[in-house]
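The values are calculated or read from the model by the stated rules, or taken from the named source; none is laboratory data. Predicted model only: the values in this text are computed from it and were never measured. Backbone-built Cβ (ideal geometry, glycine too); neighbour counts: all protein chains shown.
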Amino acid sequence: MTTLVFGHKSPDTDSTGSPIIWAWYLSHTQNTPAKPVLLGEPNTEAAFVLRHWNLPKPEIISDVTADDRVVIVDTNNPAELPPSINDAKIAAIIDHHLLVGGLKTKGPIDITIRSLACTATIMHDLMGDALASAPREIKGAMLSCILSDTLEFRSPTTTAHDRAVAEKLAADLGVNIADLATAMFEAKSDVSAFSDADLLRMDSKEYTVAGKELRVSVLETTAPKIVLDRKASLMASMEAVAKEDGADQVLLFVVDILREEATLLVPNDLVKQMAEASFGCTVTGDTVVLPGIMSRKKQIIPALKL
C-alpha cells in the first residue's frame, strides 16, 4: 500500500515541500512506499520552489477513502483536511501548529508536534543521518520551506534551531540564503493573475473566535501596494467568499515582509470591533496598520477576540 503524504488546503511552500520531503524519506529509507499529494493548487511561491529545484508538482486530490493510508503534515486541523479524513488510515502527524482536535484514528499513531517555525525543520530532526543521502532537490525543498515559514528569519516564530538548520542546508547546497529568499518572496508577491476570491483564499485558515466563524487570510509580500491598490474590490468580495465558505467574515492581513508590519482591511463594524479589541489599535478608516505583526500562528490567532 502506498502512503499518501499531504499538508493543508491552500498549500503554501511548507505544505507543498514537506509532503515531498517526507514521501522521499519513507520511500527511500524506511521501505514504505509513499507519494506526496496536494489538496489544492500551490501558491505562487510554492510553484516557484518546485520549478527552482526541478521538482514535479504532486497530484492534487480532493478527498481520501477508508482504504487510504495517510501521513498528515503541517496541520492537524480537520477543517484544513479532506472531508473524509477520519475514514482514512492515519499513520502519523508531523506539525508545528497548535493542537486543534477533531481527528479520529483507527489505532495508535506517531504524532510529532514541536514549537518550531517550520514542519521541514522537524523533518530534518526526525530524519537524522538519513538526510545525508537525500538528493539536492530534497534538501533544497527543505531549505525553501524554512525560509518561507520564517520569512527569512524575520518572523517571530523563528527559533535559533530553524535558523541553524537553514544555514547548514544552504552551506551544504552552496546556496546564498538572501538570494533564494528574495526570489521566493518576489514570486509570492506576484498576485496579478489571481482573482479577489483567489487572493482571499490563497493562504487562509478557518477559525472560530467569539462564536464567529472566520476565514483568516494572510498575504505575505514585498510589494504590499499591489494588493492594497485592490482593497475596494477585495472588501467587496469578502461577503461572497464568506457565504460560499460557510464563514461569518473574512479577515485579510497584508504582511509587508520588509517593513515587518501587517495592514488589516476593515470592511465593516465587525472587523473594526475585532481589530480594536484584539490589537489595541484605533481604526479610523478602511485599513489599519499593525506594526510588528507578521505571524498568523503566533501573533494574529492568539490575539483575536471581540
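Looking only at region 35-56, residues that are among the basic types (K, R) and touching an Asp or Glu at 6+ places or on another chain (Cβ under 9 Å) come to 1 in all. Candidates are the residues of region 293-306 that are in contact (Cβ under 8 Å) with a residue 40 or more places away in the chain and more than 23 Å from R230 (Cβ to Cβ); the one that is surrounded by the most Cβ atoms within 10 Å (Cβ to Cβ) is S295. Exactly one residue out of E244, E213, E261 is of a type in the set (D, E, K, R) and closer than 20 Å to T150 by Cα, and it is E261. Selection over region 70-120 of residues that are part of a strand (DSSP E or B), charged (D, E, K, R) and closer than 18 Å to T16 by Cβ gives a count of 1. Being touching a strand residue (DSSP E or B) at 6+ places or on another chain (Cβ under 6 Å), surrounded by 22 or more Cβ atoms within 10 Å (Cβ to Cβ), free of Cβ contacts under 8 Å to residues at least 40 places away in the same chain and under 20 Å from S295 (Cβ atoms) is the requirement here; does L200 meet it? Judged against the criteria, L200 is not a match.
Does any residue of region 149-166 turn out to be without any contact (Cβ under 8 Å) to a residue 24 or more places away in the chain, in contact with a helix residue (DSSP H, G or I) (Cβ under 6 Å, 6 or more places away or on another chain) and not in a helix (DSSP H, G or I)? Within region 149-166 (the criterion being without any contact (Cβ under 8 Å) to a residue 24 or more places away in the chain, in contact with a helix residue (DSSP H, G or I) (Cβ under 6 Å, 6 or more places away or on another chain) and not in a helix (DSSP H, G or I)), the answer is yes, since at least one residue qualifies.
Taking into account only those residues within region 1-55 that are surrounded by 20 or more Cβ atoms within 10 Å (Cβ to Cβ) and among the acidic types (D, E), which is farthest from A120 (Cα to Cα)? Checking each candidate, the answer is E45.
Residue under question is M123, and the condition is that it be outside any loop (DSSP other than H, G, I, E, B), within 17 Å of the chain's Cα centre (by Cα) and over 17 Å from H52 (Cβ atoms); does it hold? It is true that M123 is outside any loop (DSSP other than H, G, I, E, B), within 17 Å of the chain's Cα centre (by Cα) and over 17 Å from H52 (Cβ atoms). Within region 226-284, the residues that satisfy the criterion of being in contact (Cβ under 8 Å) with a residue 40 or more places away in the chain, surrounded by fewer than 18 Cβ atoms within 10 Å (Cβ to Cβ) and within 21 Å of A303 (Cα to Cα) are E260, L270. Annotation note: Cβ proximity below 6 Å between a residue of region 53-72 that is closer than 17 Å to G107 by Cβ and a residue that is surrounded by 10 or more Cβ atoms within 10 Å (Cβ to Cβ) and among the small types (G, A, S) (sequence gap 6+ or interchain) occurs for V64/S84; V64/A88; D68/A88; R69/A91; V70/A88; V71/A91; V71/A92. Here is a check on your reading of the model: is V271 farther than 21 Å from D190 by Cβ, modelled with pLDDT of 95 or more, more than 18 Å from the chain's Cα centre (by Cα) and part of a helix (DSSP H, G or I)? Against the criterion (farther than 21 Å from D190 by Cβ, modelled with pLDDT of 95 or more, more than 18 Å from the chain's Cα centre (by Cα) and part of a helix (DSSP H, G or I)), V271 qualifies.
Filter region 121-138 for residues that are out of contact with any Phe, Trp or Tyr (no Cβ under 9 Å at 6 or more places or on another chain) and surrounded by 15 or more Cβ atoms within 10 Å (Cβ to Cβ); which is nearest to T29 (Cα to Cα)?
Residues of region 121-138 that are out of contact with any Phe, Trp or Tyr (no Cβ under 9 Å at 6 or more places or on another chain), as a first pass: 121-122, 124-125, 128-129, 132-133.
Narrowing further to those that are surrounded by 15 or more Cβ atoms within 10 Å (Cβ to Cβ): 121-122, 124.
On the way: T121: 18, I122: 17, H124: 14 Å.
Among them, the one singled out is H124.
When the residues of region 76-120 are filtered to those that are small (G, A, S) and loosely packed, with under 14 Cβ neighbours inside 10 Å, the one that is farthest from the chain's Cα centre (by Cα) is G107.
Restricting to region 1-53, and then to whatever is assigned to a helix (DSSP H, G or I) and of a type in the set (D, E, K, R), can you tell me which residue is nearest to E220 (Cα to Cα)? The extreme case among them is E45.
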